[in-house]
1. Please report, in debye to the nearest 20, how large the charge dipole of the stretch 92-143 is about its Cα centre when each Lys and Arg carries +1 at its beta carbon and each Asp and Glu carries -1 there.
2. Could you tell me which residue out of GLY76, ILE37, GLY50 lies farthest along the dipole of the stretch 20-99 toward its positive end? Charges go on the beta carbon: Lys and Arg +1, Asp and Glu -1, centred on the Cα centre.
3. Mind giving me the nanometre distance, one decimal, between the label points for ARG103 and LEU27, set 7 Å out from Cα along Cα→Cβ?
4. Show the residues, 5+ positions off or on another chain, whose built amide H is closer than 5 Å to the amide H of ASP91.
5. May I have the pair-distance distribution P(r) for the stretch 36-79, computed from all Cα-Cα distances with 10 Å bins from 0 and rounded to whole percent?
6. Just to be sure I understand: with springs between alpha-carbon atoms less than 10 Å apart, which residue in SER134, SER111, SER87 has the highest mean-square fluctuation in the Gaussian network model of the chain?
7. Could you size up the charge dipole of the stretch 33-124 around its Cα centre, putting +1 on the beta carbon of Lys and Arg and -1 on that of Asp and Glu, and report it in debye to the nearest 20?
8. With a 10 Å cut-off between alpha carbons and a GNM built on the chain, which of PHE102, PHE60, PHE28 moves the most?
Amino acid sequence: MKGRVAVLVMAVLLALYLVLVGQRAVLFVLTGEPIAIGIGVALIVLPIVGAWALVREIRFGAAAERLGRVLEGEGGLPEQEFPARPSGRLDRDAVDAAFPAFRADVEAAPSDWRAWYRLGLAYDGAGDRRRARSAIREAIRLER
């Protein structure tokens, strides 16, 4: 729940920022000065890219959460309890020791979204966010 509130707050702040930047962009274009028009056009592109990125991330988060609920309902989430540091992050050595099993599951069944999702969780536990997101994106793609 805390994560959803944080996402909502960030989305609202980003939307406000995009509106303000878009407004300034229109003002630049309306000046009629060539350099100001160029800046205005560049500022119009920025909110479009920002809105696209926001929608993409929200869709990713919703799809990943949906798959997590499905996997939890099936009892398919990893059952290992990994020790945590005082900061709350998982102990990387313990996650690294369990990682080969998750990788082997994906290699044994490369079209199983559940194996990819569990691999993404293992990457996330190991602190490799880029690979975690990539594995979970693959799980989303396969589940569709």
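1. Dipole magnitude for the stretch 92-143 comes out near 240 debye.
2. ILE37
3. Once both label points are built, they end up 5.4 nm from each other.
4. For ASP91, the qualifying residues are ALA84, ARG85.
5. Final binned percentages: 25, 25, 20, 16, 10, 4.
6. Comparing SER134, SER111, SER87 in the GNM, the peak value goes to SER87.
7. 240 debye
8. PHE28
Only the coordinates and a few stated rules stand behind these numbers; no lab work does. This is a predicted model, so every value here is computed, not measured. Note: ideal-geometry Cβ built from the backbone for every residue, glycine included; neighbour counts use all protein chains shown.
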